[in-house]
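Structure first, commentary second.
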Amino acid sequence: MMVHLRRIPRYTLVAIFCALIHNMILIGMDALGATVLLCQVASAAVLLPLGFWLQSYVTFRCERSWSGFLRYSAALITNFPIALVVLWLVRDELALPMWAAAPASSAALFCWNYLTSNWALSKLHSRPEPAHG
């Protein structure tokens, strides 16, 4: 349990950084007329490798490998339908702009992404935690 508690601040910082990039991609592409599906695909193309690098290095402090990246990608792809449903509900059904829908999607995925990232990356060889002093 203590391992998870120590990870939460690191995870939160990485998640906020990735959410900002995700929101910029969604809002920017929406402004250019892209569909919600295309916006999500573009965000995934950027954030899967970036998120894997940051989460494995900063949050979970584990070694990176291609098999780890594939496991992480498979886990994070599960958020794709969740994000699409949230975006559809907020943007299309509630008729709110993407600048409101994108953060709603990010908030909905915050906990889910921690659980799936933990599942994917906790199986990789860990580096030791730095000494507190």
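The values are calculated or read from the model by the stated rules, or taken from the named source; none is laboratory data. Since this is a predicted model, take the numbers as computed values, not measurements. Heads up, the Cβs are rebuilt from the backbone with ideal geometry, glycines too, and the neighbour counts pull from every protein chain shown.
Which fully enclosed helices (runs of 4 or more DSSP H) of region 1-89 have 2 or more residues being β-branched (Val, Ile, Thr) and surrounded by fewer than 17 Cβ atoms within 10 Å (Cβ to Cβ)?
2-31, 36-54, 79-87
If Leu94 meets every condition in (1) within 16 Å of Leu121 (Cβ to Cβ); (2) modelled with pLDDT of 90 or more apart from one, which number is that one?
(1)
Cβ-Cβ under 9 Å, sequence separation 6+ or interchain: first residue in region 73-91 and at pLDDT 85 or above, partner of a type in the set (A, V, I, L, M) and outside any helix (DSSP H, G or I). Which pairs?
Matching pairs, first to second residue: Val90/Leu96.
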